[in-house]
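Participant: Got a structure for you, questions after.
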Amino acid sequence: MNARSRTNQLLYQAELLATLEAGEDEHAPARQMALEESALALFELALESLLREVTEHARLPEHRWNVLLSDDGPALAELQRLRDLMAQPESWLNWLVTQLERLHSDEGAARRPAHNPAMIAVGNQADLRLQLLDNLQSAKREIGALRETSFEW
């Protein structure tokens, strides 16, 4: 399997996990959290596969997203385009990086749903599943454009 196929496979698998129903039994909230965090982890693997794919010509020794997309990462046009995208607050990549930082923290990214009707839901914690699906779709569109410019090189 090549890097492009692997990226596509990981995005597809992340989307599959994000669309699975958690059920309605007593384990449903924990199952939903597991599905969301698993989908995020696959999204992270897809990002690293994408980075490997679009930087293949540079033969980089490292492909971790937090290294390649850092301000002092390699000076490649494809990476700079992704850094610029990451700096846009409404972009899928900005959202993903924020979620990945939460995923790797002690708190995790998924949250138990609030069952107390008196509680006010916090906007950015509302339905991680829907946010995942929206950002996966945005990522797929952006990846298509990135692949086109990468292919031109």
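Participant: Would you tally the net charge around Leu96, using a Cβ to Cβ cut-off of less than 12 Å, leaving Leu96 out, and scoring K and R as +1, D and E as -1? Write down the numbers at each step before the final one.
Facilitator: Details: positive: Arg102; negative: Glu44, Glu48, Glu101, Asp134, Glu142.
Net charge in that neighbourhood comes out at -4.
Participant: Considering every pair of different Cα atoms, what Kirkwood radius, in Å, is found for the chain?
Facilitator: It is 16.5 Å.
Participant: Under 20 Å from a point placed 7 Å out from the Cα of Leu16 along the Cα-to-Cβ direction: which residues of the range 32-53 have their backbone N that close?
Facilitator: Residues 32-50 fall inside that zone.
Participant: Still on this structure, please answer the following. Once the Cα atoms of helix 92-103 and of the chain are each reduced to a long axis, what angle between those two axes, in degrees from 0 to 90 to the nearest 10, is obtained?
Facilitator: Approximately 60 degrees, to the nearest ten.
Participant: Quick check for you: with a 1.4 Å probe and neighbouring chains kept, what is the accessible area per residue of the chain, in Å²?
Facilitator: On a per-residue basis, 60 Å².
Participant: Applying the Karplus parametrisation 6.51 cos²θ - 1.76 cosθ + 1.60 with θ = phi - 60° to the phi angles of the range 16-23, what ³J(HN,Hα) value in whole Hz is obtained for each residue in order, glycine and proline being reported as x?
Facilitator: For the range 16-23, the Karplus curve yields 4, 4, 5, 9, 5, 7, 7, x Hz.
Participant: Then there is this: With +1 on each Lys and Arg Cβ and -1 on each Asp and Glu Cβ, how big is the dipole of the chain about its Cα centre, in debye rounded to the nearest 20? Intermediate values should be presented prior to the final figure.
Facilitator: Numbers: 15 positive and 25 negative charges, 57 e Å.
Its charge dipole is roughly 280 debye.
Participant: Hey, how much of the P(r) for the range 1-80 falls beyond 20 Å, as a percent of Cα pairs?
Facilitator: Details: 1379 of 3160 pairs.
It works out to 44 percent of all Cα pairs.
Participant: Working from Cα positions, state the angle (0 to 90°, nearest 10) between the long axis of helix 28-54 and the longest principal axis of the chain.
Facilitator: For helix 28-54, the angle is close to 0 degrees.
Participant: Can you tell which of Val97, Val67, Val54 shows the greatest fluctuation in a Gaussian network model of the chain with Cα springs below 10 Å?
Facilitator: So, out of Val97, Val67, Val54, the one fluctuating most is Val67.
Participant: Sticking with this one: Could you work out Rg/(2.2 N^0.38 Å) for the range 34-100, with Rg from alpha carbons only?
Facilitator: That ratio works out to 1.10.
The values are calculated or read from the model by the stated rules, or taken from the named source; none is laboratory data. Values in this document were obtained by computation on a predicted structure and should not be read as measured data. Here Cβ is always computed from backbone atoms with ideal geometry, including for glycine, and neighbour counts include all displayed protein chains. Only protein heavy atoms, including side chains, enter the accessible area calculation; ligands, DNA and RNA are left aside. Shrake-Rupley method; radii C 1.70, N 1.55, O 1.52, S 1.80 Å.
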